[in-house]
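Input: a single structure, listed below in structure tokens.
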Amino acid sequence: MPQSRNLISVVIPVKNGADTIAACLDGISKQKVDANIEVIIIDSGSSDNSLDIVRKYPHTKVISINPESFNHGLTRNLGVANAVGDFIVMTVQDAAPADEFWLENMFRHFEDPEVSGVCGQQVVPHHKDKNPHEWFRPQSKPNVKVLQYKLGEFEKLTGEQQRSLCGWDDVNAMYRKKALQEIPFEPVMFGEDMLWAKSALLKGYKLVYDTHAQVEHYHHHTPSYTYNRTLIVLLFIFKTFGFVRKDQTGIKDYLLVVYRNIKWKLPLKWITHNWSLIYTLFKANRDFNRYHTKRQIDRLEAKFAGNIPLGQSKTSK
């Protein structure tokens, strides 16, 4: 095994990921980075052939846990505890590196000894089974944003400002292992990555966002999934950052869908699909505000405890 300072440990929670895990691992195996790579699979009771696929790849370690014990924070902490590398990547079974420099684009920032973590970008590939209105169409060049605050400065920001700086994402993030040992993930079922970023910035750690580092990732958003997921996000934002996000949905959003559908020459079904999503976002924001104004946040939190909706990687046929 290479020395830990020359090793990147990639942690991937897996459950029934046979349809996507090979693309994920293929992309990792093709990375051009000045370090060796180990992959740590934490499987929570797969009943398909996910593990048969995983075991075909070298330098891959499998840790099996009971499905009931899965927790976004604690499960990733388990991966950290079993990692040999001084640098740890968090990703998921249905994400795939967009190119062979994904890891290098994050790893290079750790030449600065103050950098504790680097977060990349999710992009939606131009596949027919994915919502074309969500395909990645960049309007600007990739960029790098470095964040670091003196002790006591970050907490002076408003909740909305803090939230805008904590868009951290464990679908695509690399950490210095020491930083994860000093600030382990909280034992939560949602938002462990954003909570970690907030804690790190409060403690004066230096974090980097680099959109050069991209993974392809997609969940098909049905109206029911969108509604529940939006309520969870709004709840998380309120509990973590202390503010209620205002809905910005309007008639322009509906018209923009039509315009883009015509411009991109898409089937009509994508108009109705995206209109339904816009209305669902409006409905979820409206209902969350009702919970908030009636002071029933605890009731909403109890409703979703341990019941986080999961997206589909493909459009249902």
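The values are calculated or read from the model by the stated rules, or taken from the named source; none is laboratory data. As the structure is a computational prediction, the values presented were derived from the model and not from experiment. Cβ: placed from backbone, ideal geometry, glycine included. Neighbour counts: every protein chain shown. Note: areas computed on protein heavy atoms with side chains; ligands, DNA, RNA excluded. Shrake-Rupley method; radii C 1.70, N 1.55, O 1.52, S 1.80 Å.
Descriptive notes on the structure:
- Extents of region 43-126, largest first, come to 41, 35, 24 Å (Cα atoms, principal axes, whole angstrom).
- 5 angstrom amide H check on Val89, placed H, neighbours 5+ away: Ser9, Val10, Val11, Tyr175
- Nonlocal amide H pairs with His212, under 5 Å, H built at 1.01 Å: Asn143
- Area accessible to solvent at His59, 1.4 Å probe radius, in Å²: 140
- Projected-area mean, region 161-243, by convex hull of Cα positions, square nanometres: 6.5
- Relative contact order for the chain: 20 percent, from Cα pairs under 8 Å spaced at least 6 residues apart, divided by residue count.
- For region 1-46 and region 57-99, distance of Cα centres in Å: 8
- Exposure check, 1.4 Å probe, all protein chains in place: Val258 carries approximately 40 Å² of accessible surface.
- Taking a ≥ b ≥ c as the square roots of the eigenvalues of the alpha carbon gyration tensor, region 72-163 is oblate, as a/c is not under 1.5 and a/b does not beat b/c.
- Counting only heavy atoms of the protein chains and using a 1.4 Å probe, Lys32 has close to 110 Å² of accessible surface.
- Among the chymotrypsin sites (Phe, Trp or Tyr not before Pro) within region 197-295, those in coil by DSSP and having at most 14 neighbouring Cβ atoms inside 10 Å are Phe243, Trp264.
- Aspartates and glutamates with Cα under 14 Å of Lys150, excluding same-chain neighbours fewer than 8 positions away: Glu114
- Between the listed residues Leu165, Tyr291, Leu234, the Cα displaced farthest toward the positive end of the dipole of the chain, a dipole computed from Cβ unit charges relative to the Cα centre, is found at Tyr291.
- Between region 100-153 and region 162-225, the C-alpha centres lie 11 angstrom from each other.
- Distant-in-sequence amide H partners of Asn16 (H built 1.01 Å from N, under 5 Å): Ser46, Ser47, Asp48
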